[in-house]
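Student: Okay, handing you the structure first.
The values are calculated or read from the model by the stated rules, or taken from the named source; none is laboratory data. Keep in mind that what you see is a predicted model, and the values were worked out from it rather than measured. For neighbour counting, all protein chains shown are included, and Cβ atoms are generated from backbone atoms with ideal geometry for every residue, glycine included. For the accessible areas, the whole protein counts, side chains as well, though only heavy atoms, and no ligand, DNA or RNA atoms are used. Shrake-Rupley method; radii C 1.70, N 1.55, O 1.52, S 1.80 Å.
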Amino acid sequence: MAGAKIGWKLVLAVFTLVVSLAARKAVTSAWKLASGGDPPEGPHAGYVEVVSWAVASGAAAAIAKRYAEQRAAQYWLKSTGTLPPGYRQD
């Protein structure tokens, strides 16, 4: 059972890393397209710009995490024939 938990954590970590990198790139590209500039950083950025960036990147991170977990669970189920450790069938 411990091996399955470690395996699941590794699978989930890989899926999360890949999806998070893609989401970060997508949000940055969308920001550049919409605003015509780089995402805000440093003390020269305005509050509205910083809050907008935080909301956009936070939403993308939450969606990416949910998507990665869902895809990793599907991969685990297909590969092992069982649900990932800690999941239960409804």
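Student: How about segment 4-90: which chymotrypsin sites (Phe, Trp or Tyr not before Pro) there lie in a loop by DSSP and see at most 13 other Cβ atoms within 10 Å?
Tutor: Taking segment 4-90 and a limit of 13 other Cβ atoms within 10 Å, the loop chymotrypsin sites (Phe, Trp or Tyr not before Pro) found are TYR87.
Student: How long, wide and thick is the chain, going by the Cα atoms along their three principal axes, in whole angstroms, largest first?
Tutor: The Cα atoms of the chain stretch 52, 23, 21 Å along their principal axes.
Student: Can you give the net charge of the other residues whose Cβ lies under 14 Å from the Cβ of THR82, counting K and R as +1 and D and E as -1?
Tutor: Summing Lys/Arg as +1 and Asp/Glu as -1 gives +3.
Student: Which distance in Å, rounded to a whole number, links the C-alpha centroids of segment 61-84 and segment 1-58?
Tutor: One Cα centre to the other: 19 Å.
Student: Now for a separate question. What is the percent carbon and sulfur in the accessible area of the chain, measuring with a 1.4 Å probe over the protein chains and ignoring ligands?
Tutor: C and S fraction of accessible area: 64 percent.
Student: Classify segment 13-57: rounded, prolate or oblate, from the alpha-carbon gyration tensor (a ≥ b ≥ c, eigenvalue square roots; a/c under 1.5 rounded; otherwise prolate if a/b is larger than b/c)?
Tutor: Since a/c reaches 1.5 and a/b is larger than b/c, the shape of segment 13-57 is classed as prolate.
Student: Please find the FRET efficiency linking TYR87 to LEU21, where r is the Cβ-Cβ separation and R0 is fixed at 22 Å, and quote it to the nearest 0.05.
Tutor: The calculated FRET efficiency here is 0.30.
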